[in-house]
1. Of everything in segment 44-63, what is touching a helix residue (DSSP H, G or I) at 6+ places or on another chain (Cβ under 8 Å) and in a strand (DSSP E or B)? Give them in sequence order.
2. Would you check which residues across segment 51-64 are open to solvent by 30 Å² or more (accessible area, probe 1.4 Å) and more than 18 Å from the chain's Cα centre (by Cα) and list them?
3. Can you run down the residue pairs with Cβ atoms below 7 Å, 6 or more apart or on separate chains, where the first is in segment 84-96 and touching a residue at least 12 places away in the same chain (Cβ under 8 Å) and the partner is of a type in the set (D, E, K, R)?
4. Which one is surrounded by the fewest Cβ atoms within 10 Å (Cβ to Cβ), of the residues in segment 65-95 that are part of a loop (DSSP other than H, G, I, E, B) and of a type in the set (G, A, S)?
5. The conditions are (1) open to solvent by 50 Å² or more (accessible area, probe 1.4 Å); (2) modelled with pLDDT of 50 or more; (3) more than 19 Å from the chain's Cα centre (by Cα), and K161 fails exactly one of them. Which is it?
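The values are calculated or read from the model by the stated rules, or taken from the named source; none is laboratory data. Predicted, not measured: the structure shown is a model, and the values here were computed from it. Cβ placement follows ideal geometry from the backbone for every residue including glycine, while neighbour counts extend to all protein chains displayed. What goes into the accessible areas is simple: the full protein's heavy atoms, side chains included, and nothing from ligands, DNA or RNA. Shrake-Rupley method; radii C 1.70, N 1.55, O 1.52, S 1.80 Å.
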Amino acid sequence: NGHRLNQLINQLLQFRKIETGNLELRARKGDIIGFIVNLSDHFLEYAKATNINYQLMCSHDPISTWYDEDMLYKIISNLLSNAFKYTPKGGNVLLNVFCISDRKAHEKYIKIEVTDTGIGIEKSQLSNIFDRFYQSNDINYEAEGTGIGLSLTQSLVKLHKGEIEVESELGKGSKFTVTIPLGESYLEQHEKHHSADKALNYLKEKNKISSLKYQKY
């Protein structure tokens, strides 16, 4: 309960910083694939404990790009946490990471998909799930929540100049898709922090890294 309260306070403080324009992107150049692989490893023990089949699919090759480690960590962790939260024992959760290109705009993006075989969301509620403090009235949504996580996730994605979308069917599961531009052209100069790659160190400080076998394309 203490951990949940502390998490809620931190989320509210971040919302306040976003509203006042005091939360800025602090992007560093690093291997985003390596970062996601190690982040994903955090959920392996939880998957075993809840008897959920958890899989990561991503490109085998490193992708060097600019991103904010703290924000990306929170974006993916929030989506994975929700996927596990609403997926029953014996279900599936998939984290899929790949690159796409926009030939017309000559831009490249990374797509992060979190798919589950959980309880799903009614179509009538999909337009509201990113609203702050929104909680579904569906009887299936009995798990405790604050209604803040997805709204904060959307705000952090927007700070990354990205987009987040959701597809869901009640009783069959959900898929959240985050699209973030690669490179540095989308960044303002003050959002770029030229320092040693701290992406993996950021995760190591949480003392949760172990080896992860993942499937490559």
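1. Matches in segment 44-63: N53, Y54, L56, C58.
2. N51, N53, H60, D61, P62, S64
3. Y86/D116; T87/D116; G91/D116; N92/D116; V93/D116; N96/E113
4. Only one residue fits best here, namely G90.
5. Against the list (1) open to solvent by 50 Å² or more (accessible area, probe 1.4 Å); (2) modelled with pLDDT of 50 or more; (3) more than 19 Å from the chain's Cα centre (by Cα), K161 comes up short only on (3).
Every residue, every condition in (1) over 30 Å from G30 (Cα atoms); (2) modelled with pLDDT of 75 or more; (3) of a type outside the set (K, R), yes or no:
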{"residue": "V114", "(1), (2), (3)": "no, yes, yes"}
{"residue": "G118", "(1), (2), (3)": "yes, yes, yes"}
{"residue": "Y134", "(1), (2), (3)": "yes, no, yes"}
{"residue": "I139", "(1), (2), (3)": "yes, no, yes"}
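Residue by residue, here is whether (1) under 17 Å from S77 (Cα atoms); (2) modelled with pLDDT under 90; (3) out of contact with any helix residue (DSSP H, G or I) (no Cβ under 8 Å at 6 or more places or on another chain) holds:
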{"position": "E142", "(1), (2), (3)": "no, yes, yes"}
{"position": "G147", "(1), (2), (3)": "yes, yes, yes"}
{"position": "K172", "(1), (2), (3)": "no, no, yes"}
{"position": "G183", "(1), (2), (3)": "no, no, yes"}
{"position": "H190", "(1), (2), (3)": "no, yes, yes"}
{"position": "S195", "(1), (2), (3)": "no, yes, yes"}
